[in-house]
Structure formats: C-alpha cells, structure tokens
Amino acid sequence: MKNTVLRLSIAFGALWVATPTVHSASDGVYPLTENSWGNPEFKKRFLGSYGFDMEINPKITSEEAELLETVAEFMNTDPSESIRLLEEALTPETSAAIIYTIGSLYLQEGELDKAIEHYRRAIERFPNFFRAYQNIGYALVQKGDYVEAKPMLVEAIEIGGGNGTLYGLLGYCFLNTGDASFALDSYRQALLFQPESNDWLLGKLNSLLDTGLVQEAIGMLNDMIEKNPANANFWMMQANAYMGEGEYGKAIANLELLDRMGEDSSRSLALLGDLLLNENLPQLAVERYRKAAGFSDLEASKLIRMAEGLGARSAYSEAIELVDELESGGATISPEEELMILNLKAEASIALGRVDEAARILESIVAQDPLNGKALISLGDYYRSKEDLENAMIQYERASKVKGFESKGLVALARVEVTLRDYASAVSRLKRANALDPKEYLEDYIRRLEAVLRSS
C-alpha cells in the first residue's frame with residue numbers, strides 16, 4: 001500500500017489489549033509496558049475484578065482465577081511455560097477466558113495461527129466475546145489477511161461499541177483491499193477517538209487521495225505541516241497531491257523548501273529534477289539530479305532514468321555528464337544497466353552529430369544484445385547515411401525479426417528498396433508492416449508506390 005505500514009507490536013493479557021499507539025483509558029485500550037504482567041493494576045484486571053460487561057466478556061471461576069494468579073507471576077518472563085500450565089489445566093468446562101488467555105500468550109510469542117485458533121475456540125464457547133473478536137482481528141491484520149480481519153473487527157465494533165484502534169485497523173483493512181471510501185469512513189471514526197494518531201491521519205490522507213478528494217487532502221496536509229513543519233513526509237505527500245491536481249509550481253515550491261531545510265532525500269531531489277525538466281529547465285534539473293546522486297540509496301537504474309529524461313528533452317550534453325558521473329563514482333552497474341547507458345550514449349552521439357562514435361557504441365550494444373531492436377534500427381540508419389545499403393539492409397532485416405520491431409524493420413527495409421527502385425518488394429514489405437501495425441501513412445505510402453508501379 002502506498003500509505004504508512006502499521007507496526008503492530010501487540011501483546012495481550014487475558015482481557016486487556018496493548019496497541020501501537022498510547023491511548024487514554026477512556027478509549028478502552030491500554031498501552032503495554034515492560035512490566036505489564038507484574039503490574040498490580042494489570043493483575044487486578046487480569047484476574048477479573050475489573051467490572052467487565054457480562055454480556056460481552058465471559059466470567060471466570062474462582063479456580064480459574066487462582067490458576068491465572070499463579071501463572072501471572074511469570075507470564076512476562078516465561079510465556080511458553082505459562083501456555084504449558086494453562087493448556088494442562090484445560091477441561092471441557094474451561095471458560096472462554098482461559099482459552100482466550102492462551103491465545104493472547106501465543107500472540108505475544110508471535111505464533112499468530114495458534115493465537116487465532118484459540119480465539120476462535122473462545123468465541124465458540126462465548127459467542128459475544130468482544131475482546132476475542134477484537135484480538136483475532138488484530139492477529140489477522142498482523143498476518144496481512146485483511147479480508148478475513150474485516151468481519152472480525154466489524155463484529156467487535158458491533159458487540160463492544162468500537163474504539164479508535166478498532167476503527168483505525170478496519171480502515172487499514174479497507175484501504176488494503178481497495179475499499180477507499182469505506183476506509184475513509186472508518187478513519188474518520190478512528191480520529192474521533194484518537195485525533196493525534198499519525199497512523200490514522202496518514203490512513204485518512206491516503207483514503208482521501210484514493211477517492212479523488214485531493215483538495216481536502218491538501219487542506220489536511222496544510223494543518224499537519226503547520227503543527228509539524230519539520231516532517232519531510234508531509235511536505236512530500238503534499239507535493240504529490242499538488243502534482244495530482246496539475247499544480248506543478250506548488251509541488252516544486254514544496255520540494256525546493258525541503259531542499260533549503262536540509263530535509264531533502266534522493267526521492268525528493270529526483271522528483272524535483274523531473275518537475276524542473278518538465279518545465280524545460282534542464283540545467284536546474286541536472287543540478288538536483290547530481291545532488292540526488294550523492295545519496296547512497298539512489299539506485300543506478302534511477303539515475304540512468306534521470307539521464308534518459310534529460311535526453312528526451314534533447315539535453316544530451318547534460319545527460320552524458322550525469323552518466324559520466326555515475327560511471328566515475330564507482331557504482332555497481334548491472335549488464336542491463338550497462339546496455340541502458342550505451343543506448344543513451346548512442347542516442348546522444350547521434351543527436352550531437354558524432355555519428356561514427358555512435359556507430360561504435362551501437363556495434364557494442366548489438367554485440368552484447370543481438371536482439372536489441374532499437375540499436376539494430378539505429379545502426380541500419382547509420383550505414384544508410386553512409387550509403388552502405390547492403391549493411392543497412394542486414395541490420396534492418398535483423399530488426400524485423402525482433403519482437404516489437406517487426407514493423408519498423410520492414411518499413412526501413414522498404415525505404416532502402418525504394419532507393420534501389422525495387423518498388424514491388426518495397427510494397428510487399430510495407431503491406432506486411434501495415435498488417436502488423438496499421439498506420440495511415442503506410443497506407444498512403446503503399447498507394448503512392450503502387451501508382452509508380454502502374455505507371456512503369
């Protein structure tokens with residue numbers, strides 16, 4: 001997902017939940033601390049003397065309370081032993097609370113499947129078990145099983161009235177399953193309970209963007225930036241939102257500000273370079289690209305793409321400078337990336353009139369990649385410019401057998417044959433090219449050549 005990843009480091013007591021963010025007790029959710037299992041308040045809740053709602057949480061017997069009190073002494077230090085003792089005490093009459101507790105201990109140990117199994121068993125014994133539905137939802141989210149998590153979270157909300165965490169995780173599930181509108185509704189509810197939660201704020205932002213409510217997202221980001229102007233992620237998100245609305249000047253302003261704040265990154269600089277390039281400012285773009293290249297996390301392929309972008313704007317000198325900087329920097333370049341560089345250098349050499357240099361590069365490309373249709377066509381063009389029609393046709397013929405270049409190769413061959421006044425063969429090749437990739441100009445070309453044939 002394009003939104004933030006929730007790190008759900010969750011550990012649970014029998015009827016008590018810790019969540020990723022610190023919440024107030026009024027939310028019905030309590031933060032986990034290192035000494036939770038030995039905390040008197042926790043033990044009080046754990047043993048059942050906490051005034052639970054009998055309709056949504058099961059009652060435990062005095063014997064079970066005594067067992068839990070014994071086990072609670074080392075739940076934090078030795079959860080596996082706690083699980084063993086509780087499982088040994090299981091009988092057909094054991095309450096859902098004990099089974100739930102075993103599930104929670106498994107969840108604390110990261111054994112999600114076993115935790116889910118025990119929560120399901122607890123629900124079988126006590127169908128309205130609010131916290132079992134809540135925790136199974138959490139466990140399924142941790143597994144990334146968002147489809148299965150949704151009905152569990154919904155059931156918990158319907159039984160227990162909901163809280164910020166439940167609504168937030170439900171939004172997270174909806175967003176991950178492509179239901180952005182439902183995600184937005186859920187995140188709005190979550191933020192009523194937990195208005196300062198970054199997880200839910202970012203989730204709401206992504207929901208707004210996914211539902212096309214970009215201006216509302218931009219306004220929301222204005223508020224978030226005002227509260228936390230040093231958060232580079234907010235500035236980046238707003239820049240992307242501006243781009244979605246076609247407000248490229250505002251996006252550039254955001255990214256320039258990040259640069260001046262010293263909060264830039266390879267990602268922000270690369271994006272700024274792209275935007276400046278689209279504004280036909282290649283010199284300014286290449287400055288940002290070079291700065292982006294100074295970050296160790298910038299992949300060689302991304303820098304090559306930047307150089308290709310410069311080439312697409314006919315800024316070939318700048319493109320080659322950027323590539324030269326990459327090569328001189330000692331970066332590890334894969335064979336595929338080497339071919340990308342060679343293609344760019346060949347294109348630049350042709351554009352700058354250095355055709356012999358381009359030919360040497362093209363020969364190198366074809367030697368490494370005999371099925372490089374683009375290089376074969378360009379090499380054919382070079383030989384044709386030198387009036388070496390025989391070698392030109394060899395390259396075009398090879399290109400015509402490369403997938404995706406069949407039509408281009410055939411058209412190039414036909415043009416050589418027109419030069420040689422072999423009109424019949426040219427027409428035949430053009431008809432094959434047009435059958436593969438119909439074009440109006442090809443039909444017109446065929447008609448003109450057929451007219452020449454009829455008149456000869």
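The values are calculated or read from the model by the stated rules, or taken from the named source; none is laboratory data. Nothing here was measured: the structure is a model prediction, and the numbers come from that model. Note that we place each Cβ from the backbone using ideal geometry, even for glycine, and neighbour counts take in every protein chain shown.
Scanning region 343-362 for residues that are of a type in the set (D, E) and surrounded by 14 or more Cβ atoms within 10 Å (Cβ to Cβ) turns up E347, E357. If you go through region 223-243 and keep only what is closer than 12 Å to L257 by Cβ and not small (G, A, S), you end up with I225, P229, F234, W235, M236, Q238.
The set of residues in region 120-147 being assigned to a helix (DSSP H, G or I) and within 22 Å of the chain's Cα centre (by Cα) consists of L140, V141, Q142, K143, Y146, V147.
Quick one: would you say R131 is charged (D, E, K, R), within 22 Å of M75 (Cβ to Cβ) and surrounded by 24 or more Cβ atoms within 10 Å (Cβ to Cβ)? Answer is yes for this residue. Residues in region 393-423 that are among the charged types (D, E, K, R) and not in a helix (DSSP H, G or I): 4 in all. Within region 424-440, the set of residues being surrounded by fewer than 18 Cβ atoms within 10 Å (Cβ to Cβ) and in a helix (DSSP H, G or I) comprises A424, S425, S428, K431, R432, A435, L436, E440. One residue alone among E325, E256, E287, E308 is at pLDDT 85 or above, more than 30 Å from A180 (Cα to Cα) and surrounded by fewer than 21 Cβ atoms within 10 Å (Cβ to Cβ), and that residue is E256. Is it the case that some residue within region 166-180 is out of contact with any helix residue (DSSP H, G or I) (no Cβ under 7 Å at 6 or more places or on another chain) and among the charged types (D, E, K, R)? Yes, that holds for at least one residue. Taking the criterion of being part of a helix (DSSP H, G or I), crowded, with 19+ Cβ neighbours inside 10 Å and within 36 Å of the chain's Cα centre (by Cα), would at least one residue in region 382-392 satisfy it? Looking through region 382-392, none of the residues is part of a helix (DSSP H, G or I), crowded, with 19+ Cβ neighbours inside 10 Å and within 36 Å of the chain's Cα centre (by Cα). Elements of the type helices (runs of 4 or more DSSP H) sitting completely within region 148-217 and holding at least 1 residues that are under 21 Å from I116 (Cα atoms) and either aliphatic (A, V, I, L, M) or touching a residue at least 12 places away in the same chain (Cβ under 8 Å) (or both): these cover 164-176.
Total residues in region 277-327 satisfying the condition of being outside any helix (DSSP H, G or I) and under 25 Å from the mean Cα position of the chain (by Cα): the figure is 6. If we keep just the residues of region 103-127 that are surrounded by 18 or more Cβ atoms within 10 Å (Cβ to Cβ) and at pLDDT below 90, which is nearest to K143 (Cα to Cα)? Among residues in region 103-127 that are surrounded by 18 or more Cβ atoms within 10 Å (Cβ to Cβ) and at pLDDT below 90, the one nearest to K143 (Cα to Cα) is L107. In region 441-456, of all residues being hydroxyl-bearing (S, T, Y) and in a helix (DSSP H, G or I), the one that is farthest from G404 (Cα to Cα) corresponds to S455. Give the number of residues within region 93-111 that are out of contact with any Lys or Arg (no Cβ under 9 Å at 6 or more places or on another chain), closer than 14 Å to T61 by Cα and assigned to a loop (DSSP other than H, G, I, E, B). Qualifying residue count for the region: 1. Here V411 clears all of (1) surrounded by fewer than 20 Cβ atoms within 10 Å (Cβ to Cβ); (2) hydrophobic (A, V, I, L, M, F, W, C); (3) touching a residue at least 12 places away in the same chain (Cβ under 8 Å) except the condition numbered (1).
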